[in-house]
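This report refers to the structure that appears directly beneath it.
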Amino acid sequence: MAKFKIKTGDLVQVISGSRDNKGKQGKVLRVLPETSRVVVEGINVMTRHRKASMQGEAGGIEKVEAPIHVSNVAFVDPETKKPTRVGYRTETVERDGRQKTVRVRVSKSTGKDL
């Protein structure tokens, strides 16, 4: 399984793909590491036709976000609102009298913590 620098809840921008979605920004709803894809809110929206069930629920058409490949999205820096790469910095933090190393996500363009 691949490990991504994009997590659920991050704001991302579509950097490649169809002209309908390219340049749009949205929040990551789900990360699918098995297929290297992410589901982004309001991006790659498809219509799904549902059949009516036996219990009386009406069928119809609903809009669903389809997954998009993780290489087609870039993390958006919260300060500049522009796409940037994500890096990591290790820090030593003292918790409960012990030294612990913690990885902190950092914006490559600004160098600030995310």
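The values are calculated or read from the model by the stated rules, or taken from the named source; none is laboratory data. These figures come from a predicted structure and were not determined experimentally. Here the Cβ positions follow ideal geometry from the backbone for every residue, glycine too, while neighbour counts run over all protein chains shown. Areas reflect the complete protein model, heavy atoms only, side chains present, ligands, DNA and RNA absent. Shrake-Rupley method; radii C 1.70, N 1.55, O 1.52, S 1.80 Å.
Remark: segment 100-111, residue by residue, has Karplus-estimated 3J(HN,Hα) of 10, 9, 10, 8, 10, 6, 10, 6, 6, 6, 9, x Hz, where x stands for each Gly or Pro and the curve is 6.51 cos²θ - 1.76 cosθ + 1.60 at θ = phi - 60°. Principal axis extents of the C-alpha atoms in segment 51-114 (largest first, rounded to whole Å): 61, 34, 20.
Ordering SER36, SER18 by accessible surface, largest first, gives SER18, SER36; the 1.4 Å probe counts only protein heavy atoms, with every chain in place.
Per 0.36 nm of contour for each residue apart, how much would the distance between VAL45 and LYS7 grow if the chain were fully extended, relative to their Cα-Cα spacing? Display every interim value, and only then the final one.
Values: separation 38, 0.36 × 38 = 13.68 nm, distance 2.02 nm.
Extending this stretch completely gives an extra 11.7 nm.
Computed from the alpha carbon positions, the gyration tensor of the chain leads to an equivalent ellipsoid with semi-axes of 35, 19, 11 Å, biggest first.
Candidates THR101, VAL45, ILE68 compared by Cα position along the dipole of the chain: farthest toward the positive end lies THR101, with charges placed on Cβ. The figure for HIS49 is an accessible area of roughly 140 square angstrom, using a 1.4 Å probe on the protein chains alone. Looking at the chain, which longest stretch skips every one of the GluC sites (Glu not before Pro) that is in a DSSP loop with at most 15 other Cβ atoms within 10 Å, leaving the sites themselves out? Longest gap between qualifying sites, sites excluded: 80-114.
Near VAL102, within a Cβ-to-Cβ distance under 15 Å, what is the net charge of the other residues, with Lys and Arg +1 and Asp and Glu -1?
On the way: positive: ARG89, ARG95, ARG98, LYS100, ARG103, ARG105; negative: GLU91, GLU94, ASP96, ASP113.
Local net charge: +2.
Evaluated over the chain, the count of Lys pairs having alpha-carbon atoms less than 15 Å apart is 13 (only pairs 8 or more residues apart or interchain). Accessible surface comparison of MET46, MET54, probe 1.4 Å, protein chains only, largest first: the order is MET54, MET46. With every protein chain left in place, what is the accessible area of SER53 in Å² (1.4 Å probe, nearest 10)? Around 50 Å² of this residue is reachable by solvent.
Mind checking the dipole of segment 9-70: about its Cα centre, +1 per Lys or Arg Cβ, -1 per Asp or Glu Cβ, Debye to the nearest 20? It would help to have the intermediate numbers written out before the result.
Values: 10 positive and 7 negative charges, 34 e Å.
Result for segment 9-70 is approximately 160 debye, rounded to the nearest 20.
Residues ARG19, ARG95 ordered from highest to lowest accessible area at a 1.4 Å probe: ARG19, ARG95.
Scalar couplings 3J(HN,Hα) for segment 37-51, obtained by applying the Karplus form with A = 6.51, B = -1.76, C = 1.60 to θ = phi - 60°, are 10, 10, 9, 10, 5, x, 10, 6, 7, 10, 8, 10, 8, 10, 7 Hz; x denotes Gly and Pro. Neighbours of THR90, meaning other residues whose beta-carbon lies under 14 angstrom from its beta-carbon, give a summed charge of +2 when Lys and Arg score +1 and Asp and Glu score -1.
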